[in-house]
2 protein chains.
Amino acid sequence: MENNGFEKKINGNGKLDIRILGVGQTRFGELWGASLIDLAVEASREAIRDSGTSIKEIDAVVVGNMLGSHLDNQSHLGALVTAGLGIKASGVRVEGACASGGLAIATGIEKLISGTARKVLVVGAEKMTDYSTDFSTQALMGASDGDEQLAGITFPGLYALVTRAYMEEYGVADSELASIPVKNHMHGSLNPKAHFRFTIDVEQVLKSPCIASPIKLLDCSPISDGAAAVVLGLGKRRGGRNVRIIGFGQGNDEVGLASRRSLIEFGASKEASKKAFSMAGVEPKDIDVMEVHDCFSIGEVLALEDMGFSRKGEGWVIAGNGECKLGGRRPVNTSGGLKACGHPISATGVKQLVELTRQLRGVNGSRQVEGARIGLAHNVGGVGGTAIVHILESGI
Amino acid sequence: MENNGFEKKINGNGKLDIRILGVGQTRFGELWGASLIDLAVEASREAIRDSGTSIKEIDAVVVGNMLGSHLDNQSHLGALVTAGLGIKASGVRVEGACASGGLAIATGIEKLISGTARKVLVVGAEKMTDYSTDFSTQALMGASDGDEQLAGITFPGLYALVTRAYMEEYGVADSELASIPVKNHMHGSLNPKAHFRFTIDVEQVLKSPCIASPIKLLDCSPISDGAAAVVLGLGKRRGGRNVRIIGFGQGNDEVGLASRRSLIEFGASKEASKKAFSMAGVEPKDIDVMEVHDCFSIGEVLALEDMGFSRKGEGWVIAGNGECKLGGRRPVNTSGGLKACGHPISATGVKQLVELTRQLRGVNGSRQVEGARIGLAHNVGGVGGTAIVHILESGI
């Protein structure tokens, strides 16, 4: 790369225009035969092949990872993944709890706009199933406020507080929220990369073991291994439809729930989506397909409300009435979401863009949303301490 | 901030022009009364005060941290530090082993150039002394290649291999390298923020306990707590001399030493400095004052050679002959370096810019380098897996 002076052409028209040149994803699930770096390299190689770019053109690598240093004592992943790919590039790791993947994408975009890189590989990867559930659960609490850790609560408990507050505020029953994982499992059953490829029904959700009342086992996304990657650049991808990132935005909030003004909305999601919509010059009504952060069923409800897809207190209605299902007006989480596709923490935010890119290229097979032109990805860290939204558009 | 469209003015003249508006630093050392977040907030508040900027103008926070998730099970520091400061801003954590601080600065610069932020707070923080040395040493090995961890070697051992190879290649004695920590302790004795404020002599270095032959205790930087912060922006700081970042560059290499072509040079440092010099339009001869990564004595020698301040095999001569000492031709590590100022991992790369900014403002008291106009910061991750260089210039 020429580092001497900066490129201006990409923002010459005042609009963001970042091309998603290639996408790649490992299967999500219990992948005991592959290490964290194996997974990152596999997804990266697929994305680079898909981009039609020579691997030598990649001049920056951004790795999203949360748990490597806690679970596997492996930090320095920017350098390790870059070396694992056998390329000369600048590598860096980015972390923001479960939003690490989305933040890594944003960091990659900033590298492109600032001209410090011309082709950026962004890969989110996580290895979680080699360890006891206790150990992984403890590591995940690193996303919370330290006081919450000392209190002994875990993430299902924190999201249970949110779910309970929501149900009481709007008079919603748990059976009404159960349609969300049912939908996402139906989508996941069509995704060969998904952790869970079976369908479930509302009765199964309600009869599944209670994890933290009112959250049942089948309201919870799983602990998964996996990686997802995208190659970002400025030029066009050769062959097939091009997909561009036309807007992104980040929001942050108090991390500890005790410090929040409200338990039933995520201010970070509101802010992130507001910025992203403004940058992209589109509105919720323009979005054809979405991936949102359904770590627990309530997550999908709040995402729909906080980003303006429904009025407050009514997200559960559209999440459950079929309009978010494949074939509905605006399908949500066609990948299966975090619930059924799986939730290898930092891979999630990148996988959302992989799924949307396939949708906007029109090559998503049995999960294709016909005529999808504009997509939105919504990725959350902690219980809404961080949120990041990307908006994608298909083009020529 | 206006997120709709991007600013172009900063690179209108094709040159980087990032202002260091404010700097802050906690004392480095064993700070048992303060948490990781306490330290990050303390340094940040000092930097914001120093910048004359209203805290409300900070619209992005980049936190450099390596060990929080391993030692203290605390991830998600971008959101936590932002909330700890009580501001509405986008927070993200960046990690690249001991180069995390420098990478966080680079990420902040990219946010400014890309227009996603107008005032960026970058803070590097680490809390290392609340734990057993064994536990901290193990966590630090997260910066290495996994195979090196399995072999049971630690960082003093890895740097001992480098030191031994260098001594044998160039016929250098350990007494000749010992002058480096002696110089850095002399500088540190003048720095009220330094972990070690006492001077040492060559005999003390040579008689100190052998850690990993030929490295003695007094060749090693310590395990420290501490934080350092800078406020970056585009406008001018009110009052006093302005300091700008005019170039930066990153290099990466194989992380494991077994995969390197050479043990006695860091390709990452060569590449990082080449990019930074090119962007800044300056050469080694133009640099008046430097902070380099002297985690072990050999680190300072390689830094001088790899960045072109001496011929290969002669870095130890200039490091020891007085020209790198305060009062010499080009003082190196006037803060005391990692050796005497201390090495709270991710704080180090940011502290280097704090020290240089004070030098270039001409307000560095007993450590002032008279007439210093251009400074260089050199920060390394692992045993040269990552390197990042920033070049600063004083201006009006």
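Quick notes on this one:
- Between B:ARG358, B:ARG367, the distinction of being under 20 Å from B:ALA125 (Cβ atoms), in contact (Cβ under 8 Å) with a residue 60 or more places away in the chain, open to solvent by 10 Å² or more (accessible area, probe 1.4 Å) and not aromatic (Phe, Trp, Tyr) belongs to B:ARG358 only.
- Within the range A:208-240, the set of residues being in contact with a Cys (Cβ under 7 Å, 6 or more places away or on another chain) and open to solvent by less than 30 Å² (accessible area, probe 1.4 Å) comprises A:LYS216, A:SER221.
- Test result for A:ALA272, within 13 Å of chain B (Cβ to nearest Cβ), touching an Asp or Glu at 6+ places or on another chain (Cβ under 6 Å) and open to solvent by less than 20 Å² (accessible area, probe 1.4 Å): no
- A:ALA104 vs. criteria under 21 Å from A:PHE28 (Cβ atoms), in contact (Cβ under 8 Å) with a residue 40 or more places away in the chain, of a type in the set (Gly, Ala, Ser) and in contact with a Lys or Arg (Cβ under 9 Å, 6 or more places away or on another chain): yes
- Condition met for B:ASP38 (away from chain A (no Cβ under 12 Å), acidic (Asp, Glu) and in a helix (DSSP H, G or I)): no
- Any hit, the range B:13-34, residues being assigned to a helix (DSSP H, G or I), modelled with pLDDT of 95 or more, among the hydrophobic types (A, V, I, L, M, F, W, C) and buried (at least 23 other Cβ atoms within 10 Å of the Cβ): no
- Residue within the range A:184-194 that is touching a Lys or Arg at 6+ places or on another chain (Cβ under 7 Å) and free of Cβ contacts under 8 Å to residues at least 60 places away in the same chain present: no
- Check on A:ALA125, buried (at least 18 other Cβ atoms within 10 Å of the Cβ), within 26 Å of A:THR334 (Cα to Cα) and touching a strand residue (DSSP E or B) at 6+ places or on another chain (Cβ under 7 Å): yes
- The test for being touching a strand residue (DSSP E or B) at 6+ places or on another chain (Cβ under 8 Å) and aliphatic (A, V, I, L, M) does not hold for A:LEU177.
- Count of the range A:252-266 residues which are open to solvent by less than 20 Å² (accessible area, probe 1.4 Å) and either of a type in the set (Asp, Glu) or more than 9 Å from chain B (Cβ to nearest Cβ) (or both): 2
- Count of residues meeting criterion [open to solvent by 10 Å² or more (accessible area, probe 1.4 Å) and either in a helix (DSSP H, G or I) or aliphatic (A, V, I, L, M) (or both)] in the range A:52-68: 3
- Sub-7 Å Cβ pairs linking a first residue in the range A:291-316 that is at positive phi to a second residue that is modelled with pLDDT of 95 or more and of a type in the set (S, T, N, Q), at least 6 apart or interchain, are A:GLY308/A:SER273, ordered by first then second residue.
- When A:GLY249, A:GLY226 are checked against the criterion of being within 14 Å of another protein chain (Cβ to nearest Cβ) and either assigned to a strand (DSSP E or B) or at pLDDT 95 or above (or both), a single residue qualifies: A:GLY249.
- Looking across the range B:343-371 at every residue that is of a type in the set (Gly, Ala, Ser) and out of contact with any strand residue (DSSP E or B) (no Cβ under 6 Å at 6 or more places or on another chain), the one that is farthest from B:THR26 (Cα to Cα) is identified as B:GLY371.
- Residue count, the range B:310-325 (criterion: within 13 Å of B:VAL182 (Cβ to Cβ) and either open to solvent by less than 40 Å² (accessible area, probe 1.4 Å) or polar (S, T, N, Q) (or both)): 5
- Tally of residues being open to solvent by less than 20 Å² (accessible area, probe 1.4 Å) and either under 18 Å from B:SER394 (Cβ atoms) or modelled with pLDDT under 95 (or both) across the range B:283-295: 4
- From the list A:VAL205, A:VAL243, the lone residue that is open to solvent by less than 20 Å² (accessible area, probe 1.4 Å) and not in a strand (DSSP E or B) is A:VAL205.
- Evaluation of B:THR199 against the conditions (1) open to solvent by 50 Å² or more (accessible area, probe 1.4 Å); (2) of a type in the set (Ser, Thr, Tyr); (3) touching a Lys or Arg at 6+ places or on another chain (Cβ under 9 Å); (4) closer than 30 Å to B:GLU42 by Cβ shows that the sole unmet condition is (3).
- Subset of the range B:271-285 [over 18 Å from B:ARG244 (Cα atoms) and touching a residue at least 40 places away in the same chain (Cβ under 8 Å)]: B:GLU271, B:ALA272
- For A:ALA178, the stated conditions do not hold, so it cannot be described as over 19 Å from the mean Cα position of the chain (by Cα) and without any contact (Cβ under 8 Å) to a residue 12 or more places away in the chain.
The values are calculated or read from the model by the stated rules, or taken from the named source; none is laboratory data. None of the values given here were measured: they were computed from a predicted structure. Heads up, the Cβs are rebuilt from the backbone with ideal geometry, glycines too, and the neighbour counts pull from every protein chain shown. To get the accessible areas, we keep the full protein, side chains included, count just its heavy atoms, and leave off ligands, DNA and RNA. Shrake-Rupley method; radii C 1.70, N 1.55, O 1.52, S 1.80 Å.
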